[in-house]
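Here's the structure we're looking at; comments come further down.
The values are calculated or read from the model by the stated rules, or taken from the named source; none is laboratory data. On a predicted model such as this, the values are computed, not experimentally measured, just so you know. Note that each Cβ is placed from the backbone with ideal geometry, even for glycine, and that neighbours are counted across all protein chains shown. Side chains included, ligands, DNA and RNA excluded: accessible areas come from the protein's heavy atoms. Shrake-Rupley method; radii C 1.70, N 1.55, O 1.52, S 1.80 Å.
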Amino acid sequence: MEEKLIERLESAVKRLEALSTGIGPGVPPESGGDATAAALDPSIVAFDDLMAQYFSRVSAAAEKIGGQVLDVTKVLAEAFSAQKELLVKVKQSQKPDMAGLAEFLKPLNNVIMKANAMTEGRRSDFFNHLKTAADSLTALAWIAFTGKECGMSMPIAHVEESWQMAEFYNNKILVQYKSKDPNHVEWAKALKELYVPGLRDYVKSQYPLGPVWSATGKTTVSAPSKAPTPNSPAPPPPPPPASLFSSESPQSSSSHTKGLRKVTDNMKTKNRADRTGIVGANEKESHASTRSFSKAGPPKLELQVGRKWVVENQIGRKNLVIDDCDAKQSVYVFGCKDSVLQIQGKVNNITVDKCTKMGIVFTDVVAACEIVNCNGVEVQCQGSAPTISVDNTAGCQLYLSKSSLETSITTAKSSEINVLVPGAGPDDDWGEHALPQQFVHVYKDGQFVTTPVSHSGG
């Protein structure tokens, strides 16, 4: 308690010193007194408190781990610092148009791209840490919210949804290091608390409807483009900062198959006349031109006849999202590899067929989630599911929520099935349970009695 009080006093002294010199922390000197006043605004002070209370724990754990975990934590610090500077500038600037917004968000966008780059190339031993950090930074894109028609979720919901995607990898860290290294467990838990409740509650209290721009401030304009030569065509307009809304790079213009993205109401499938088609999203541009295509055919992510979502032949896609679904629709995932699909909303049924190294994160399912003919898949239920069935599958990790602990799990012709359940308290570790794959059948009293084989270690 005393340490926190001392930290707050020191922070207050620094702010007073900044006020006396006319320059605030993280504010360029040329901004002058207006920037200083903005830096001392209660919402900016609250952001400093957020960093002191939550980020300090993440940083302390990273210092003990070192290596790539420390490196990516420093990038996290850069991103949050960039967000603070943008919050200060918001109070000095008028609301920009889309081109101006892209230019305004560029500093944050660059840091997010830097984090994403750390997850590419040869897979590191700390890939889950790198991926958790990189995916979590999309939460900072709440500052890009400009209104209900912008295609984004409301700021509070955006932070929560972004963390849910990152939590898929964060849970892997908790399981991997549960009994190995408490520093990694502390890093993962502290990172979660940085976003939920940390950033979520900050946005809820300060910016529930998005950033509040100045009515009399300076205007943000897009960067001027180079003038074309008399004989050359005009350059195309710059693309939007896709990495603020996705952990993947903008899609190549030569690709004709797209995934999902946030869309406005009039673009959603339920409001379209034909009730069919593909809703596009940003797709990671591969190093090899054929990376996103399976030999079985081109990738698909589409709603068919308004009833069935089909996700096929997705390769290396870590940010697939279905967010416009209802309880009458089913989801069929086929032939996907090294990808992650998030289903945001209640659906009737989910089937995962012939997939390898595939991750599925879903909220609620009415009937069942079925996993068949798969290899090395991970499925996380964040809500409820009456039944989960695993058939002819080698390697399956099931993550259950507290709401789905009564789920009935059936297995057939499958091996290496592990079920992870949350601990009793919010800070308790996940419990891992291996489902039996060997059985003893004994003929007794006119019938066979089957019991799982139990192994005892010596």
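Structure above, values below:
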{"quantity": "Largest to smallest accessible area among Cys369, Cys150, Cys325 [probe 1.4 Å]", "calculated": "Cys150, Cys325, Cys369"}
{"quantity": "Amide H contacts under 5 Å for Val331, placed H, 5+ residues apart", "calculated": "Trp309, Asn349, Ile350, Thr351"}
{"quantity": "Carbon + sulfur, % of accessible area of the range 300-452 - ligands and nucleic acids excluded, 1.4 Å", "calculated": "49"}
{"quantity": "Fully extended contour minus Cα-Cα distance, from Glu406 to Gln94, at 0.36 nm per residue", "calculated": "107.1 nm"}
{"quantity": "Amide H within-cut-off set for Val390, under 5 Å, with H built and near neighbours excluded", "calculated": "Ile371, Thr410, Thr411, Ala412"}
{"quantity": "FRET efficiency, Phe127 to Leu209 (Cβ-Cβ, R0 30 Å, nearest 0.05)", "calculated": "0.25"}
{"quantity": "At R0 = 35 Å, FRET efficiency that the Cβ-Cβ distance of Glu149 and Asp41 yields, to 0.05", "calculated": "0.80"}
{"quantity": "The range 123-198 - convex hull of alpha carbons, volume per residue in Å³", "calculated": "82"}
{"quantity": "Surface accessible to a 1.4 Å probe, per residue, for the residues of the range 37-207, Å²", "calculated": "38"}
{"quantity": "Segment Ser415-Arg307, length gained on full extension (0.36 nm per residue, minus Cα span)", "calculated": "35.6 nm"}
{"quantity": "Whole-angstrom gap from the range 123-159 to the range 383-458, using each part's C-alpha centre", "calculated": "33"}
{"quantity": "Viscosity 1.002 mPa s, 20 °C: Kirkwood-radius Stokes-Einstein D of the range 300-452 over Cα pairs, µm²/s", "calculated": "132"}
